[in-house]
Amino acid sequence: MPGVKYQKGDIVMGRWPGSNLYYEVKVLGFDATSQLYTVIYKDGTELELKEQDIRSSSGFQLRARSRSRSQSPGRRRSRSRSPARTTRRSSSRAAAAAAAAAITESAPSSRKETKLKDMVEVRLVPLAIENNSNNKHEKKEENNTATKANEKSETKRDSEPERNVGRYNLRRRKDEARLEEKKEDANVVPAPTPMVSSTLDFGGKIGAYFWLLFLPSWVLFVVLQVNLKDPSLANFPPPVPPLEAFWDAQALGFVVLWILFQAILYILPVGKLSEGMPLRSGERLKYRTNGFFAIVTSAAVVAAAVNQGVDLTYIHSHFLQLSAATFLISVLLSVYLYVRSLYAAPDQLALGGSSGNVVYDFFKGHELNPRIKNFDLKFFCEMRPGLIGWCLINFALALAEMKQQGLASPSYAMILVNVFQLLYVVDGLWNEEAILTTMDLMHDGFGFMLAFGDLVWVPFTYTLQAYYLVSHPNALSLPAVAAIVLLKLVGFYIFRKSNSEKNTFRRSPSDPKLSHLKTIPTATGKSLLVSGWWGVVRHPNYLGDLIMALAWSLPCGFSHLLPWYYMIYFIILLVHRDSRDMSECRRKYGSAWDEYCRTVRYRIIPRVY
């Protein structure tokens with residue numbers, strides 16, 4: 001972390017938020033995005049502090065608070081016999097106990113009071129040269145006395161660690177001050193310390209092995225299961241075709257052409273150049289947000305191809321081969337991403353994907369924003385080939401239903417699924433800039449998890465309802481259609497309004513449109529919304545997502561569990577995301593997050609969860 005004043009592992013003095021009390025802390029890292037240091041106190045509390053709330057331990061000199069302002073310099077040696085000294089000692093001990101009690105009340109209830117009492121309490125005093133003494137000898141003696149007091153204090157702390165609780169005045173040592181000035185003059189910058197993930201998601205290193213095997217296996221299962229005449233789970237497992245059935249060179253060619261076509265649309269100088277959120281280095285990357293242009297152009301090209309006689313039902317008949325080809329591309333892309341991340345600068349790596357374990361970092365993503373010149377690989381895969389491909393596959397499956405069922409037009413159920421999911425994708429691409437403030441773009445590295453999810457998981461599992469309806473039609477009455485449409489609109493309204501509110505607040509907290517909203521300030525300088533949509537539940541966008549997922553599944557009926565897979569999967573996904581978000585926010589915001597949780601009690605569903 002070049003240019004950062006305090007490095008990972010430094011022992012410094014950190015101010016407790018909301019007070020003037022300083023405690024010995026250890027620096028865990030620095031986030032250039034928020035310009036905050038992550039520190040850990042001796043009781044295990046992790047907080048993020050500004051640089052002005054941190055002081056260098058080596059830059060201070062401790063001296064006993066025993067000098068009385070009313071006494072003359074000549075009476076210094078007889079202070080130990082002064083009655084006033086006893087009073088001041090009692091007051092100092094009482095004040096220290098009161099401060100420790102106050103901190104215990106403001107800290108989370110899970111901390112033990114004994115650990116807090118074991119910490120060293122320090123109150124900063126402005127450094128000033130005492131010019132009120134005319135006796136130079138006395139002044140020199142005072143400095144020597146202070147130095148000795150400090151040495152004794154440090155010796156005692158070494159022999160009896162974490163047992164002193166008291167107040168000290170702090171004074172910078174002259175020799176250390178000179179040393180720091182020399183370092184600054186020589187522009188000495190410590191070598192960057194590699195960041196290592198402190199917490200691992202998805203089951204850690206063992207979990208990474210599991211997910212690498214499970215995710216492709218699950219996609220294979222749903223593709224084979226939904227193709228059965230009776231896709232009941234009682235017929236599990238579905239028969240596995242021979243290996244040669246997975247490979248089709250033409251299918252691979254179609255997938256490659258589709259990705260290249262989307263890449264060309266992405267790099268065209270059409271649409272807005274949007275700025276991403278600040279990185280740890282302070283840099284803001286620029287993104288070409290022309291996703292809506294891409295889907296409109298893709299729709300026009302597909303319509304022209306169908307008009308020229310191209311049979312899109314090929315996608316239905318070669319669904320397995322297309323998914324296998326896309327899986328192969330996602331694996332090759334993941335290998336490339338990991339290899340290139342080994343040569344990336346430390347500030348370009350994702351904190352969550354820097355565990356030091358090859359398999360975990362390959363799965364989670366080692367590099368945060370891999371780019372080929374200005375072509376952002378993560379942003380492109382997140383929003384283009386898989387997302388727009390999802391709509392293409394749905395349209396092809398509607399044509400396959402008409403062909404297989406001998407219909408002049410798709411069924412109501414197929415129309416609802418196509419229109420609902422198309423609206424979801426179009427909305428995401430119309431508001432493409434909002435994704436720049438999401439966890440995927442801001443924190444998660446680009447590795448197998450996102451590459452496989454974007455290219456394989458989304459287009460080949462989110463289309464499961466439409467695939468199911470090709471061979472298992474479900475007749476819907478007009479009242480049922482109207483009720484499902486209403487449900488979808490309610491979910492979409494909640495989803496869009498809450499996401500827009502969040503995105504506006506993150507980018508511009510002082511926006512006049514948000515002046516009516518209540519917030520809770522945090523020690524990081526940021527605020528937490530506790531009114532509007534974000535005062536109803538902690539994740540109103542998740543609530544809208546779940547309502548829409550329900551509307552997508554209802555057209556398939558209740559004959560089989562398989563078309564409800566998306567609803568079940570999404571509940572698990574959002575609960576897990578909520579858990580990750582809770583841990584991250586509690587680490588970042590400390591007691592302010594606990595206050596937020598007390599104010600906004602429910603996580604996703606009001607009065608339920």
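Report the Rg/Rh value for region 194-472, based on alpha-carbon coordinates and the Kirkwood definition of Rh. Let's see the in-between values first.
Details: Rg = 19.6 Å, Rh = 19.9 Å.
Looking at region 194-472, the ratio lands at 0.98.
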- For region 330-474, what size does the Cα cloud have along each of its three principal axes, sorted from largest down, in whole Å? 58, 29, 23
- Message: Can you pull out the trypsin sites (Lys or Arg not before Pro) in region 285-373 whose DSSP state is coil and whose Cβ has at most 15 other Cβ atoms within 10 Å?
- Response: Lys373
- Query: Using the Cα gyration tensor of region 188-308, with a ≥ b ≥ c the square roots of its eigenvalues, what is the shape: rounded (a/c below 1.5), prolate (a/b larger than b/c) or oblate (neither)?
  - Reply: oblate
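Give me the net charge for the shell around Met383: Cβ to Cβ below 11 angstrom, other residues only, Lys and Arg +1, Asp and Glu -1. Before the final figure, lay out each step's value.
Values: positive: Arg288, Lys378, Arg384; negative: Asp376, Glu382, Glu432, Glu433, Asp440, Asp454.
Neighbour charge sum, excluding Met383 itself: -3.
Calculate the dipole size of region 484-534 relative to its Cα centre from +1 charges on Lys and Arg beta carbons and -1 charges on Asp and Glu beta carbons; express the result in debye to the nearest 20. The partial results should precede the final answer.
Numbers: 9 positive and 2 negative charges, 22 e Å.
In total the dipole reaches around 100 debye.
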- Message: How large is log10 of I(q)/I(0) for region 476-609 at q = 0.11 Å⁻¹ when the intensity is taken from the Debye formula with one equal scatterer per alpha-carbon?
- Response: -0.47
- Quick one: what do you get for region 257-398 if you divide its Cα Rg by 2.2 N^0.38 Å? 1.22
- When a footprinting reagent is the concern and you count Cβ atoms within 10 Å, what order do Glu433, Glu275 take, fewest first? Glu275, Glu433
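No lab work stands behind these numbers, since they all come straight from the coordinates. Everything numeric in this text was worked out from a predicted model, so none of it was measured. Every residue, glycine as well, gets a Cβ built from its backbone with ideal geometry; the counts of neighbours run over all protein chains shown.
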